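A quick write-up on the structure given underneath.
The values are calculated or read from the model by the stated rules, or taken from the named source; none is laboratory data. Since this is a predicted model, take the numbers as computed values, not measurements. Cβ placement follows ideal geometry from the backbone for every residue including glycine, while neighbour counts extend to all protein chains displayed. Note: areas computed on protein heavy atoms with side chains; ligands, DNA, RNA excluded. Shrake-Rupley method; radii C 1.70, N 1.55, O 1.52, S 1.80 Å.
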Amino acid sequence: MRHSFTIILIISSLWLTKLYAQTSEPFMNHTWSIGVGNMTLHDSYLSPASYSGLNLNLNIAESAFYKNCDEKISWDTRLQLSYGDTYNPAKTASINYFGGILGYGSHYHFQPLHNLTIMTGAFVNVEGALKYNSRNVNNMGSGDLNTTLYASAIMRYKVRSERLHMNIQYELMTPVLGCMFIPEMGHSYYEIYENLPNDLDKVTHFSSFHNKQGIQGKFTLDFLLKNVTLRAGFSHNNQTWQGNDLNFKQSQFNILIGATYNIIRLGGKKAEK
Amino acid sequence: MKRTIIIAFSTLLLLVSCEDNTYKTFDANPYTNFDALWKTLDQKYCYFETKNLDWDGVKTVYRAKLTHVKTAFDLFDVCAQMLDTLQDGHVNLYSSFDISRCTGWFDNYPANYNENIVYGPQYLGANYRIAGGFHYGRINNGEIGYIRYRDFSNGFTSANFSYMDYYFKDCKGIIIDVRNNGGGQLDYSKNFASCFFTEKTITGYMRHKTGFGHTDFSEMQPMYVDPALAPIDWSKRKVVVLCNRRCYSATNDFVTKMLQAPNVTVIGGKTGGGGGMPLSSELPNGWMIRFSAVPMYDQNGSEIEFGVNPDIQINTTNEDASTGKDTIIEYAINLLKSN
């Protein structure tokens with residue numbers, strides 16, 4: 001059951017990706033941003049303590065409207081790379097965090113007011129992270145791996161005056177369902193590695209509201225200058241998940257700066273026209 | 001609709017920010033730390049049933065001693081005394097000023113090893129060779145190859161074995177001395193032992209805790225040696241393995257495997273055990289605790305936590321030591337020359 005679900009989720013993601021590549025408008029909105037802030041980690045496989053410290057993020061996002069949808073439905077892709085350098089409360093041990101998120105989403109656009117756009121939709125993310133505890137023996141590392149379907153909503157307000165062109169945007173995502181890897185409580189990674197085919201059903205979990213909760217948000221201000229759009233804002237990510245008597249928690253608060261620009265995507269025969 | 005969204009959002013916020021049992025702040029309180037230590041072991045230590053330990057009773061006895069605790073040193077000593085009741089070399093408490101350790105598992109056994117004799121002129125001498133984690137040389141007038149492996153944390157490569165194989169090509173047999181080797185990585189034990197088997201073989205089992213109860217374990221999973229992954233094929237060579245009580249953890253696992261290898265004889269003293277792969281946790285004051293968490297068994301599913309017996313039990317003697325001889329090495333030489 002779990003394996004079927006995982007396979008369906010992966011195939012759906014690939015199919016959607018193919019779909020967007022074929023049907024997308026060539027005008028694409030492209031954003032690069034970096035984030036600096038604080039991260040708090042709890043991974044009861046590694047330690048019963050909360051670790052907190054520096055967090056650095058690199059975010060790359062693209063979005064465009066699908067073809068023939070009258071600018072009502074858009075797609076988004078996101079790549080996030082994250083690094084954390086965290087310490088236990090007594091400052092006697094550290095956990096280094098290396099994470100990555102690859103996501104694809106689609107949103108329907110409503111325009112209740114002239115300058116206000118509300119977008120609702122979903123993201124399918126593939127998320128992974130490696131956590132390394134400097135002091136532990138045999139359980140020195142822990143890995144997160146999941147595919148998750150997120151419900152997503154974005155609100156964008158355009159401020160247009162003679163002197164100021166600005167977009168105010170807030171995005172909100174919450175995990176709905178997916179599939180995640182969680183080792184058993186006393187499972188050593190030596191054992192998982194040695195017996196992965198036998199242990200796959202024990203370490204693979206269907207996830208939904210009963211065992212995974214979270215809110216990811218991002219507040220951004222886009223300043224439209226003469227040649228470039230500058231972005232500033234903050235992001236928060238609070239997630240908690242459980243399984244096999246283990247608890248995991250992750251909070252990130254980051255200040256963001258970046259740049260947004262439009263590009264025209266041309267390739268193949270289109271480029272010759 | 002608006003109300004539903006607000007309620008759902010508030011519930012999510014509540015769920016992701018709700019209180020849990022994690023240590024969020026530094027806490028030096030002796031009772032908090034003692035209880036955390038006791039609970040961690042109560043939930044995760046794997047040998048309560050095997051050792052028939054009354055862990056609740058242990059708590060009652062040692063928690064009462066906290067009334068006399070005035071410093072971090074006092075607390076450490078009470079915790080260390082409690083841990084000593086487990087009689088387990090894989091249980092240690094690490095602080096910034098001390099590391100607790102249990103020595104009872106080898107204290108009352110013959111040493112069966114003298115470093116000065118092994119590295120003396122009779123055997124390895126001063127000019128022994130080093131390949132990876134191995135010290136090696138030819139002994140007994142070049143008739144016997146001798147390998148000393150001190151630590152299973154030190155790795156090796158196929159090239160190390162190829163050169164040793166060439167160096168030992170005219171030897172009648174090889175002695176592998178793992179006495180006083182306190183363990184290291186299980187991978188090295190598996191790869192080294194794989195050299196002496198002719199086919200993929202189940203040499204033991206392991207299982208892990210699946211819940212907080214003392215008997216909550218997974219099914220036993222087989223552990224294999226596989227000659228296909230071995231750095232060299234020594235399955236045809238005559239080999240004697242030397243062990244003693246200080247063979248612990250990964251070395252205990254290695255000896256367990258070698259007892260099943262076709263052309264290998266294991267001699268010396270009973271190994272020290274340490275059949276539980278250790279994991280770690282920590283206390284609110286930042287001290288680390290290491291404890292046995294993943295029990296391992298031999299090919300029959302029997303316990304190896306208390307050590308395994310060699311094929312031939314033999315102890316070193318003072319008479320031999322007085323003439324610079326190691327009784328166990330001499331026995332191994334005779335065994336290899338006689339076959």
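Looking only at residues in the stretch A:143-176 that are farther than 17 Å from A:GLY233 by Cα, β-branched (Val, Ile, Thr) and more than 14 Å from chain B (Cβ to nearest Cβ), which one is most open to solvent (accessible area, probe 1.4 Å)?
A:THR147
In the stretch A:28-51, what count of residues is obtained for those that are open to solvent by 50 Å² or more (accessible area, probe 1.4 Å) and either closer than 25 Å to B:LEU279 by Cα or facing chain B (nearest Cβ under 10 Å) (or both)?
Residues in the stretch A:28-51 being open to solvent by 50 Å² or more (accessible area, probe 1.4 Å) and either closer than 25 Å to B:LEU279 by Cα or facing chain B (nearest Cβ under 10 Å) (or both): 0 in total.
Could you look through the stretch B:219-234, keep only residues that are part of a loop (DSSP other than H, G, I, E, B) and of a type in the set (A, V, I, L, M, F, W, C), and pick out the one that is surrounded by the most Cβ atoms within 10 Å (Cβ to Cβ)?
Step one: list which residues in the stretch B:219-234 are part of a loop (DSSP other than H, G, I, E, B), which gives B:219-220, B:226, B:230-234.
Filter again for of a type in the set (A, V, I, L, M, F, W, C), leaving B:220, B:230, B:232, B:234.
Numbers: B:MET220: 14, B:ALA230: 20, B:ILE232: 19, B:TRP234: 24.
It comes out as B:TRP234.
Is it true that some residue in the stretch A:73-87 is touching a Lys or Arg at 6+ places or on another chain (Cβ under 9 Å) and either aromatic (Phe, Trp, Tyr) or away from chain B (no Cβ under 14 Å) (or both)?
yes
Kindly evaluate B:GLY307 against the criterion of being at positive phi, of a type in the set (Gly, Ala, Ser) and either within 13 Å of chain A (Cβ to nearest Cβ) or open to solvent by 20 Å² or more (accessible area, probe 1.4 Å) (or both). Lay out the reasoning, then the answer.
On the way: at positive phi: yes; of a type in the set (Gly, Ala, Ser): yes; either within 13 Å of chain A (Cβ to nearest Cβ) or open to solvent by 20 Å² or more (accessible area, probe 1.4 Å) (or both): no.
The answer is no for B:GLY307.
Which of the residues that make up the stretch B:214-247 are under 18 Å from B:LYS169 (Cβ atoms) and either in contact with a Phe, Trp or Tyr (Cβ under 7 Å, 6 or more places away or on another chain) or hydroxyl-bearing (Ser, Thr, Tyr) (or both)?
Result: B:PRO231, B:ILE232, B:TRP234, B:SER235, B:VAL239.
Need the failing condition index for B:ALA111 against (1) under 16 Å from B:GLY272 (Cα atoms); (2) crowded, with 20+ Cβ neighbours inside 10 Å, just the number.
Unmet for B:ALA111, out of (1) under 16 Å from B:GLY272 (Cα atoms); (2) crowded, with 20+ Cβ neighbours inside 10 Å: (2).
Considering only the stretch A:91-117, state which residues are within 14 Å of chain B (Cβ to nearest Cβ), over 27 Å from A:GLN169 (Cβ atoms) and either among the acidic types (Asp, Glu) or surrounded by fewer than 20 Cβ atoms within 10 Å (Cβ to Cβ) (or both).
A:LYS91, A:SER94
Kindly indicate whether B:LYS270 is open to solvent by 30 Å² or more (accessible area, probe 1.4 Å) and touching a Leu at 6+ places or on another chain (Cβ under 6 Å). Let's see the steps before the verdict.
Details: open to solvent by 30 Å² or more (accessible area, probe 1.4 Å): yes; touching a Leu at 6+ places or on another chain (Cβ under 6 Å): no.
No: the conditions fail for B:LYS270.
Quick check on my filter: what residues within the stretch B:32-58 are hydrophobic (A, V, I, L, M, F, W, C), within 14 Å of chain A (Cβ to nearest Cβ) and within 16 Å of B:LEU93 (Cα to Cα)? Don't jump to the end; show me each part of the working.
Going residue by residue through the stretch B:32-58, those that are hydrophobic (A, V, I, L, M, F, W, C) are B:34, B:36-38, B:41, B:46, B:48, B:53, B:55, B:58.
Retained after the next criterion (residues that are within 14 Å of chain A (Cβ to nearest Cβ)): B:36-38, B:41, B:46, B:48.
Of everything in the stretch B:32-58, those that are hydrophobic (A, V, I, L, M, F, W, C), within 14 Å of chain A (Cβ to nearest Cβ) and within 16 Å of B:LEU93 (Cα to Cα) turn out to be B:ALA36, B:LEU37, B:TRP38, B:LEU41.
Can you find, within the stretch A:196-212, the residue that is farthest from the other protein chains (Cβ to nearest Cβ) among those that are surrounded by 14 or more Cβ atoms within 10 Å (Cβ to Cβ) and among the hydrophobic types (A, V, I, L, M, F, W, C)?
A:PHE206
Based on this model, can you work out whether B:THR198 counts as open to solvent by 40 Å² or more (accessible area, probe 1.4 Å), within 14 Å of chain A (Cβ to nearest Cβ) and part of a loop (DSSP other than H, G, I, E, B)? Working first, answer last.
Values: open to solvent by 40 Å² or more (accessible area, probe 1.4 Å): yes; within 14 Å of chain A (Cβ to nearest Cβ): no; part of a loop (DSSP other than H, G, I, E, B): yes.
Taking the combined requirement at face value, the residue does not satisfy it.
Could you say whether any residue in the stretch B:235-250 is part of a helix (DSSP H, G or I) and open to solvent by less than 10 Å² (accessible area, probe 1.4 Å)? Step through it out loud before you land on a result.
Taking the stretch B:235-250 as the starting set, the residues that turn out to be part of a helix (DSSP H, G or I) are B:250.
Filter once more, so that each one left must be open to solvent by less than 10 Å² (accessible area, probe 1.4 Å): B:250.
The answer is yes; a qualifying residue exists.
Need the failing condition index for B:ILE139 against (1) in contact with a Ser or Thr (Cβ under 8 Å, 6 or more places away or on another chain); (2) under 14 Å from B:ALA332 (Cβ atoms), just the number.
(1)
Select from the stretch A:193-243 the residues that are part of a helix (DSSP H, G or I) and β-branched (Val, Ile, Thr) and list them in ascending order.
The one that is part of a helix (DSSP H, G or I) and β-branched (Val, Ile, Thr): A:VAL203.
Could you tell me whether any residue of the stretch B:259-267 is open to solvent by less than 10 Å² (accessible area, probe 1.4 Å), touching a residue at least 60 places away in the same chain (Cβ under 8 Å), away from chain A (no Cβ under 14 Å) and in contact with a Gly (Cβ under 7 Å, 6 or more places away or on another chain)?
For the stretch B:259-267, residues open to solvent by less than 10 Å² (accessible area, probe 1.4 Å), touching a residue at least 60 places away in the same chain (Cβ under 8 Å), away from chain A (no Cβ under 14 Å) and in contact with a Gly (Cβ under 7 Å, 6 or more places away or on another chain): absent.
Name every residue in the stretch A:177-192 that is within 11 Å of chain B (Cβ to nearest Cβ), open to solvent by 20 Å² or more (accessible area, probe 1.4 Å) and farther than 15 Å from A:PHE248 by Cα, in order of residue number.
Of everything in the stretch A:177-192, those that are within 11 Å of chain B (Cβ to nearest Cβ), open to solvent by 20 Å² or more (accessible area, probe 1.4 Å) and farther than 15 Å from A:PHE248 by Cα turn out to be A:TYR189, A:TYR190.
Is it the case that the stretch B:13-31 has a residue that's open to solvent by less than 50 Å² (accessible area, probe 1.4 Å) and either more than 13 Å from chain A (Cβ to nearest Cβ) or modelled with pLDDT of 95 or more (or both)?
yes
Can you report the number of residues in the stretch A:147-189 which are under 30 Å from A:TYR45 (Cα atoms) and outside any strand (DSSP E or B)?
8
Can you find, within the stretch B:123-168, the residue that is farthest from B:ARG179 (Cα to Cα) among those that are buried (at least 17 other Cβ atoms within 10 Å of the Cβ) and of a type in the set (Ser, Thr, Tyr)?
My answer is B:TYR128.
Which one is farthest from the other protein chains (Cβ to nearest Cβ), of the residues in the stretch A:232-254 that are surrounded by 20 or more Cβ atoms within 10 Å (Cβ to Cβ) and more than 16 Å from the chain's Cα centre (by Cα)?
Step by step, filter the stretch A:232-254, then rank; the result is A:GLY233.
Being at the interface with chain A (Cβ under 10 Å from one of its Cβ atoms), in contact (Cβ under 8 Å) with a residue 24 or more places away in the chain and farther than 26 Å from B:LYS39 by Cβ is true for just one of B:MET277, B:MET223. Which residue is that? Give the steps one after another, and end with the answer.
Values: B:MET277 fails: farther than 26 Å from B:LYS39 by Cβ.
The unique qualifying residue is B:MET223.
When the residues of the stretch B:283-299 are narrowed to those that are part of a loop (DSSP other than H, G, I, E, B) and either aromatic (Phe, Trp, Tyr) or within 7 Å of chain A (Cβ to nearest Cβ) (or both), which ends up farthest from A:SER52 (Cα to Cα)?
Kept after step one, since they are part of a loop (DSSP other than H, G, I, E, B), are these residues of the stretch B:283-299: B:283-287, B:299.
Okay, now just the ones that are also either aromatic (Phe, Trp, Tyr) or within 7 Å of chain A (Cβ to nearest Cβ) (or both), so B:285-287.
Values: B:ASN285: 16, B:GLY286: 14, B:TRP287: 17 Å.
In this case the residue turns out to be B:TRP287.
Out of all the residues in the stretch A:203-228, which are touching a residue at least 40 places away in the same chain (Cβ under 8 Å), of a type outside the set (A, V, I, L, M) and farther than 27 Å from A:THR174 by Cβ?
A:PHE223
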